[in-house]
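Pasting a structure below so you can have a look.
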Amino acid sequence: MASAIQKIALNASRDIPFNKLVLSQSNVRRVKAGLSIEELARDIERRGLLQSLNVRPVLNDDGTETGSYEVPAGGRRFRALELLVKQKKLAKTAPVPCVVREAGSAILAEDDSLAENVQRVALHPLDQFRAFRDMLEKGMSEDEIAAAFFVVPTVVKQRLRLMTVSDKLLEIYEQDGMKLDQLMAFSISDDHARQEQVWEIIAQSHNREPYLIRRMLTEKTVRASDRRVRFVGLDAYLAAGGHVMRDLFEADDGGWLQDPTLLDRLVMDKLAGAADDIRAEGWKWVETALSFPWGHTRGFARIEGSPVVLSEEEAARLTALHSEQEAIEAEYAQADEFPDDVDTRLGEIEQAIEALEERPVSFDPAEVVRAGAFISLDTDATLLVERGFVRPEDVPAEPEDGPDTPEGDDDAVVHHGAGDDVEGTGTEGAPGTEPEEEDGLKPLPDRLLTELTAWRTLALRDAFAGNPHIALTELLHTLVRDLYWQVSGADCLEAYVREIPLRVHSPDMPGSVPAHELRQRNEGWKHDLPDDEDALWQWLDGLDDTSRLALLAHCLSFGVNALHESSHGPSLARSVRERLARAGRLATVLQLNPAEAGWQPTVENYLGRVTKARILEAVREARGDEAAARIAHLKKMDMASEAEQLLDGSGWLPEALRTAGLTDGHQKQVAVIPIETATNIAAE
């Protein structure tokens, strides 16, 4: 016969006046953590006591009950009630719900206290999110929810943001198939289908880092820090109906704009408005573009303007600013550094002086009517206006001072789109075409080689101009070679620099770091040059050696030629090989690394223009065999797109851009980065 199961008896519960309760010394909680006593007291005041206190009778020396009770479990609630009594918000004799442990129990008071604290399970974040959502749906505002739980509203917004994640991913997280930081990363997008697609992709890889999830969800968006956004303003984009993806869990630098087409239209509309203002100045024509190709001013003559003279008021203001600047610097000449307020004031003075000294330029109205202006967006998100350019057909046939020489600020180019890769009538290398693949590595198309070497030439010019010693060595090398090996010319000095136009280049080159540096350097020297030949000679003669060498290097840089050219015949082929060999020597001594100058492989400038074998070779060299294997099954343009993500930041360069002699970590000798730490790629 089976024995009966003994039934347990629960401890009795009853209300005990608060003034009969005392805090037990057996309470194991010593360290203050979590919600403060003040916040807990406010919560009890709002909603009442949700959980009873665990108490035991207090015994006197002979073991009889005294009528008071100690609280070994529930000490924080006791202190909160005690605070409410001190604040006169609770009567001293108010009844407090208590669970009473009988006197002499075999279970220690410390046992009860420890059990209450360690056997509780923290609320799952998903449960908290759902509770917040239910409260929101039942009429509470986010601020009210935050106040009720003593958290800042941002915490509530973050939890509610998880509503944007698909139910499928929430279920995976609930079953511990996903980490909280991964779930948070998915919340930047409300596109459930894309969220699930991204999870299916990364679930097959070793790298499931939140940054990768965010990048894959935002790959077709525009960062709020983009110069186009700063130019038109985020408010204008939102007012036009644009949407912004925000990340509530990490700093997102303003978020991601989801409609690049709308953004570009707003930019062009604002440029068109600026063009109307410039056109009102009387110019014959005004052209606008987001950015113009490198060397777009070549072939144009340019009318010279004159700086607007300072007014008496401006001159007096400038003098006062200089005096104040000198006085401050003299006062703190012996100090190690300026006090913060003084340093701030000096900065304001410098900005005011710069604004006064950078004078606007005025032009002769008679010349304005035959000239025009280019308007584009500068790299710092400001309006770039280039005035005073004259088209060849508008140059006077017989100018008074001799024939005009068309000027340009940059190298000449003809900008070609990504679909113009191959000369002739073929379509090889066009990004939109899936070419017939051959086994092995096909040679790079001639146009692509020309574009790559144009980029290398520009970077080489910038490095060359920044190193007068090497520039002078190269000049002497050229002069000595011409003097002793093959003499030509009859003038007093036949040394000259023939500017090499970069007519074919990739779309990213005009906005590159070398292009910006060369433009800035060119404008700086141009601003300092005298107007006539005699004055120029005297000015050059008076320069210090450092300035003379810097100017020499700058002038010589325009003759640097590292361009690949299609060769027809052994003579031209040998000439091109010799030129590239000498350019390689120059790149080596200058330690040129185009990756450090800003070049990186994209679909547009390389990956969409080469065979799949070339793409896989690049990924294999930069990221390893496993990364290459993961994209090997993709179609050409999908593979190129994923390879662009993989190669981002790797420093990998195609052979045409590599410099011999650089150590590991550069170019072909890039250290292979494990796939776990590289950008993972999509499955088809």
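What follows is calculated from the coordinates using simple rules that are stated; it is not laboratory data. Please read all numbers here as calculations on a predicted model, not as lab measurements. Glycine gets a Cβ as well: all are built from the backbone with ideal geometry, and neighbour counts include every protein chain shown.
Size of the range 266-394 along its principal axes in angstrom, Cα-based, largest extent first?
Largest first, the range 266-394 extends 61, 34, 25 Å along its Cα principal axes.
How would you rank HIS516, HIS469, going from fewest to most other Cβ atoms within 10 Å of each one's own Cβ?
Listing HIS516, HIS469 from fewest to most nearby Cβ atoms yields HIS469, HIS516.
Using 1/(1 + (r/R0)^6) with R0 = 30 angstrom and r between the beta carbons of ASP378 and ALA280, what's the FRET efficiency to the nearest 0.05?
Plugging the Cβ-Cβ distance into 1/(1 + (r/R0)^6) gives 0.90.
Hey, with R₀ at 30 Å, roughly what FRET efficiency would THR154 and LEU290 work out to, going by the Cβ-Cβ distance, to 0.05? Provide the component values of the computation, followed by the final result.
On the way: r = 36 Å, r/R0 = 1.21.
The pair THR154/LEU290 has a calculated efficiency of 0.25.
Here is a further query. Please report SER506, SER575, SER26, SER311 as a ranked list, fewest other C-beta atoms within 10 angstrom at the top and most at the bottom. Numbers along the way, then the final one.
On the way: SER506 23, SER575 13, SER26 18, SER311 9.
Fewest-to-most ranking of SER506, SER575, SER26, SER311: SER311, SER575, SER26, SER506.
Here's something else I'd like to know. Please give the FRET efficiency for ILE349 paired with SER306, using the beta carbon to beta carbon distance and R0 = 41 Å, rounded to the nearest 0.05.
Computed FRET efficiency for ILE349 and SER306: 0.90.
Can I ask one more? Can you give me the relative contact order of the range 125-261 as a percent, contacts being Cα pairs under 8 Å and 6 or more apart?
19 percent
Quote the relative contact order of the range 266-394 in percent (integer), defining contacts as alpha-carbon pairs under 8 Å separated by 6+ residues.
43 percent
For a test of the definition: using alpha carbon positions, the gyration tensor, and the 1.5 limit on a/c, classify the range 261-300 as rounded, prolate or oblate.
oblate
Considering amide H positions built from the backbone, and no H for Pro or chain starts, which residues 5 or more places from VAL58, or on another chain, come under 5 Å of its amide H?
Correct list: THR66, GLY67, SER68, TYR69, GLU70.
Take every Cα pair under 8 Å in the range 12-118 that's 6+ residues apart, average their separations, divide by the length, and report that relative contact order as a whole percent. Before the final figure, lay out the partial values.
Values: 160 pairs, mean separation 46.5, N = 107.
Result for the range 12-118 is 43 percent.
Can you tally the net charge around GLU196? Count Lys and Arg as +1, Asp and Glu as -1, for every other residue whose Cβ sits under 12 Å from the Cβ of GLU196.
In short, -2.
Could I ask something else about it? Test of understanding: ordering ASP253, ASP541 by Cβ neighbours within 10 Å, fewest first, what list do you get?
Starting with the residue having the fewest Cβ neighbours, the order is ASP541, ASP253.
How much of the DSSP bridge set in the range 12-118 is antiparallel, in percent, rounded to the nearest 5?
The antiparallel fraction comes to roughly 60 percent.
So how much slack lies between ALA193 and ARG585, counting 0.36 nm per residue of separation and subtracting their Cα-Cα distance, in nm?
Fully extending the segment from ALA193 to ARG585 adds 135.8 nm.
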